[in-house]
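Take a look at the structure set out below.
The values are calculated or read from the model by the stated rules, or taken from the named source; none is laboratory data. As the structure is a prediction and not an experimental result, all values here were calculated from the model. For neighbour counting, all protein chains shown are included, and Cβ atoms are generated from backbone atoms with ideal geometry for every residue, glycine included. Heavy atoms of the whole protein, side chains included, go into the accessibility calculation; ligands, DNA and RNA do not. Shrake-Rupley method; radii C 1.70, N 1.55, O 1.52, S 1.80 Å.
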Amino acid sequence: MKTSINKAIVVLLLLVAQSVFSQTFLKVTDSSNPIVSDPGNPVSSYTGAAWIDFNNDGLLDLYACRKVLYKNTGGGNFVKVNTALNFATNVLSTSWADYNNDGFIDCYVVSTVNSSSALYKNNGDETFTRITTGDIGDSAYSTGWGCTWGDYNNDGYVDLVIAAANNFGVVNHPTRFFHNNGDGTFKKIDTTHFALTLAPYTVPTFSDYDMDGDMDLFIGSGPAGTLARDYNYRNLLVETSVPYLSRLDTGILGTDLVDGQNYSFIDYDNDGDLDAYLTNYRSGTPNHLYRNEGNGFYRKMTAAEAGVLVSDMASSLANVWADFDNDGDLDCYVTNDGSVFSRYYSNNGDGSFSRIDSIAVREPGPRYGAVAGDYDNDGDVDLFVAGALQTKALYQNVSSIGNKWISVKCTGMNSNKSAIGARVRVKATINGQGRWQMREINSQNSFNSMSMLNVHFGLGNAATIDSMIVEWPRSSRQVFTNVSVNSKYNLIEGQNLVSGIEPLEGNIPDRFELEQNYPNPFNPITKIEFSLKAGGDVTLKVYDGLGRIVETLVDQNLNAGRYSVTFNGNGLSSGIYFYKLLSEAGESVRKMLLVK
């Protein structure tokens, strides 16, 4: 009898796992999609990628090293963009941020080939200009392996670090450090340890690991075959009022012997502080998970505590963290060099992880960078993997679990425009228990790659978000309550939280107008645009055929202008729906058709 019960439990657990994880990702194979049809890079190219919205249209675009920028045209479709970026050859790494705070995200690319690394200024018209003047434009400073943006001195402008991997025999200078002068120019800093020392630097990452209000720096050592300390630095700005990156010589993050590739700082256990995960390249050395135990003390997790996440061994490169199943905790995806399969680890919610082998993203390498981003705006996080030849791939997250979510695009005003270094916390009741989650925004969080800057939270079965706290890099703090789920939000520092609303460029409209949604019919995403001749209180609500409110898209005071808002029909049945715009100037109603 006991044996039968045990077998029944095993079968039930397998069925539950299958319902949760089967068909979570779908490998995109449409040859009309250039991301799919373009060949991968040569073997041992070690390239990365980035999900970014380079034209501010609310859709994530993809920059794939070595040299292709793909514009997202909606509906899962992409086209190549002919820009100056496409002439940046042999690019390994990329990092994006709005370095001049003009509202358009800019790009730095790094190559081990002299004169191929460069800063590209976004002109705001879907073109880029390579910066060739000043310290930042000097090709003698440019070769390297990885790069990252971060505001290390908290002046509201992002600074740049270019890691130089001297162990590969193609870079013969220290890591480069450029201070942003705030006027579009940069000054090279030569007084910091890593800017004076030759070493096998790999991927740099800015993160406020001790959460004291300044950005610290972590650079994988990557000695490729041996073990050594990584080049990790604590920022002393808060302690001394002078920004200085001092090498960590104590604690496990300063003394552990590793073959480090890239660090990710994440709150994997939802306890409110930043933990660290490091991929190791040396065969026979597992990847490391460092749990933040408080007061700046980190402890390395064992296999008995974290499971296969820290016991699997391969030549690992990227580690990408996102709540792929929207259940309220962060999962992890790891790429491996050689013919070893990539690995997907599901967070069990108790500090441990399970490796899911029956999932599309688990394919053999060699694979290098990987990036997470919701490119189809359906509320779950998709994945692009940079690989060699035919091992690169685009995966659409097609999970049908029905878990709730939110996405927040943060824009700094007093802080840097890209909000790098900001932390967002949300509290929601999931499975009957209140749970806090936290994310930090940074510009290099994978191997030679960066995932989307938008902050994404999975919320399980939560009905609403009880509290949201946003901590901006320059010490300001905002609190919001009763935030609706299953929505995209835009948040400008110091202003109200806006649900999916994007201001459109142009003159002040001469009339009040609600336009027809597009596409229509739609499944499940559509955009609704409206014009306001005068400012005032505005509501935009969606109703079903029985007149019941499905979702409130807008409920706030807006200035005169044109606006666009995204509606997500995920979880709704096919049919006719109505949307109604109400303002002090009048009201307007239109209908739309959801077809699944």
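On the basis of being open to solvent by less than 60 Å² (accessible area, probe 1.4 Å) and more than 19 Å from Lys488 (Cα to Cα), does Tyr577 make the cut?
Against the criterion (open to solvent by less than 60 Å² (accessible area, probe 1.4 Å) and more than 19 Å from Lys488 (Cα to Cα)), Tyr577 qualifies.
Matching residues to (1) more than 27 Å from Phe265 (Cα to Cα); (2) hydroxyl-bearing (Ser, Thr, Tyr); (3) modelled with pLDDT of 95 or more:
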residue	(1), (2), (3)
Lys417	no, no, yes
Ile420	no, no, yes
Glu440	no, no, yes
Leu453	no, no, yes
Gly458	no, no, yes
Ser499	yes, yes, no
Leu504	yes, no, no
Glu515	yes, no, yes
Phe522	yes, no, no
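Quick check, is Asp357 open to solvent by 50 Å² or more (accessible area, probe 1.4 Å) and either of a type outside the set (A, V, I, L, M) or at pLDDT below 95 (or both)?
Values: open to solvent by 50 Å² or more (accessible area, probe 1.4 Å): yes; either of a type outside the set (A, V, I, L, M) or at pLDDT below 95 (or both): yes.
So Asp357 passes the test.
Starting from residues that are among the hydrophobic types (A, V, I, L, M, F, W, C) and buried (at least 24 other Cβ atoms within 10 Å of the Cβ), keep the ones in the stretch 362-388 and report whichever is nearest to Arg66 (Cα to Cα).
Only one residue tops the list, namely Ala386.
Return the residues of the stretch 505-525 that are surrounded by 14 or more Cβ atoms within 10 Å (Cβ to Cβ) and under 11 Å from Ser564 (Cβ atoms); say none if nothing qualifies.
Once the filter is applied, which keeps residues that are surrounded by 14 or more Cβ atoms within 10 Å (Cβ to Cβ) and under 11 Å from Ser564 (Cβ atoms), the stretch 505-525 yields Glu515, Asn517.
Could you please find all residues in the stretch 265-280 being open to solvent by 10 Å² or more (accessible area, probe 1.4 Å) and aliphatic (A, V, I, L, M)?
Matches in the stretch 265-280: Ile266 only.
Are any residues in the stretch 127-138 under 26 Å from the mean Cα position of the chain (by Cα) and open to solvent by less than 60 Å² (accessible area, probe 1.4 Å), and if so, which ones?
Thr127, Phe128, Ile131, Ile136
Hey, does the stretch 187-202 have a residue that's at pLDDT 95 or above and part of a loop (DSSP other than H, G, I, E, B)?
no
Out of curiosity, is Gly387 under 15 Å from the mean Cα position of the chain (by Cα) and modelled with pLDDT under 95?
No; evaluated as a whole, the condition is false for this residue.
Listed here are the residues, each with its yes/no results for (1) under 18 Å from Val554 (Cα atoms); (2) in contact with a Cys (Cβ under 8 Å, 6 or more places away or on another chain).
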{"site": "Lys409", "(1), (2)": "yes, no"}
{"site": "Ile441", "(1), (2)": "no, yes"}
{"site": "Asn448", "(1), (2)": "no, yes"}
{"site": "Met452", "(1), (2)": "no, no"}
{"site": "Ser487", "(1), (2)": "yes, no"}
{"site": "Asp510", "(1), (2)": "no, no"}
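Please go through the stretch 460-492 and pick out each residue that is within 19 Å of Ile525 (Cβ to Cβ) and open to solvent by less than 30 Å² (accessible area, probe 1.4 Å).
Listed by number, the residues that qualify are Val485, Ser487, Tyr489.
Anything in the stretch 566-576 that is closer than 21 Å to Ile501 by Cβ and in contact with a Lys or Arg (Cβ under 7 Å, 6 or more places away or on another chain)? List them, or say none.
Thr566
Can you work out which of the residues in the stretch 177-199 that are crowded, with 16+ Cβ neighbours inside 10 Å and of a type in the set (A, V, I, L, M, F, W, C) is nearest to Gly222 (Cα to Cα)?
Within the stretch 177-199, the match that is nearest to Gly222 (Cα to Cα) is Ala199.
Can you pull out the residues in the stretch 60-110 that are open to solvent by 30 Å² or more (accessible area, probe 1.4 Å) and acidic (Asp, Glu)?
Within the stretch 60-110, just Asp102 meets the criteria.
Could you say whether any residue in the stretch 537-547 is of a type in the set (A, V, I, L, M, F, W, C), assigned to a loop (DSSP other than H, G, I, E, B) and over 25 Å from Val479 (Cβ atoms)?
Yes - at least one qualifying residue is present in the stretch 537-547.
Which one is nearest to Ile441 (Cα to Cα) among residues in the stretch 364-384 that are assigned to a strand (DSSP E or B) and over 16 Å from the mean Cα position of the chain (by Cα)?
Tyr368
What's the number of the condition Pro509 fails, among (1) part of a strand (DSSP E or B); (2) over 29 Å from the mean Cα position of the chain (by Cα)?
Only one criterion in (1) part of a strand (DSSP E or B); (2) over 29 Å from the mean Cα position of the chain (by Cα) is unmet by Pro509, namely (1).
Looking only at the stretch 251-264, decide whether some residue is open to solvent by 10 Å² or more (accessible area, probe 1.4 Å), free of Cβ contacts under 8 Å to residues at least 24 places away in the same chain and not in a strand (DSSP E or B).
No, that holds for no residue.
Give the stretch 306-338 a look and list any residue that's crowded, with 16+ Cβ neighbours inside 10 Å and assigned to a helix (DSSP H, G or I), or say none.
Result: Ala306, Leu309, Val310.
Looking at Val110, Val68, Val28, Val43 in this structure, which one is over 24 Å from Thr411 (Cβ atoms) and modelled with pLDDT of 95 or more?
Answer to the selection: Val28.
As an exercise: evaluate Val310 against (1) in contact with a His (Cβ under 7 Å, 6 or more places away or on another chain); (2) hydrophobic (A, V, I, L, M, F, W, C); (3) under 15 Å from Asp271 (Cα atoms) and give the number of the one condition it does not meet.
Condition (3) is where Val310 drops out.
More than 17 Å from the chain's Cα centre (by Cα) and over 19 Å from Leu330 (Cα atoms) - does that describe any residue in the stretch 436-446?
No, there is no match, as no residue in the stretch 436-446 is more than 17 Å from the chain's Cα centre (by Cα) and over 19 Å from Leu330 (Cα atoms).
Taking Lys427, is it under 15 Å from Tyr489 (Cα atoms), open to solvent by 10 Å² or more (accessible area, probe 1.4 Å) and either of a type in the set (Phe, Trp, Tyr) or assigned to a strand (DSSP E or B) (or both)?
Spelling it out, it is not the case that Lys427 is under 15 Å from Tyr489 (Cα atoms), open to solvent by 10 Å² or more (accessible area, probe 1.4 Å) and either of a type in the set (Phe, Trp, Tyr) or assigned to a strand (DSSP E or B) (or both).
Within the stretch 228-250, restricting attention to residues that are of a type in the set (A, V, I, L, M) and open to solvent by 70 Å² or more (accessible area, probe 1.4 Å), which residue is farthest from Asp275 (Cα to Cα)?
Looking at residues that are of a type in the set (A, V, I, L, M) and open to solvent by 70 Å² or more (accessible area, probe 1.4 Å), I get Val242.
Mind listing whichever residues of the stretch 126-150 are of a type outside the set (Val, Ile, Thr), more than 13 Å from Phe186 (Cβ to Cβ) and not in a strand (DSSP E or B)?
Glu126, Ser139, Ala140, Gly144, Trp145
Within the stretch 540-553, identify whether any single residue is under 27 Å from Ile469 (Cα atoms), in contact with a strand residue (DSSP E or B) (Cβ under 9 Å, 6 or more places away or on another chain), of a type in the set (Asp, Glu) and open to solvent by 50 Å² or more (accessible area, probe 1.4 Å), and answer yes or no.
No, the stretch 540-553 has no match at all.
Restricting attention to the stretch 393-408, and to residues there that are open to solvent by 30 Å² or more (accessible area, probe 1.4 Å) and over 25 Å from Arg435 (Cβ atoms), which single residue is modelled with the highest pLDDT?
Gln396
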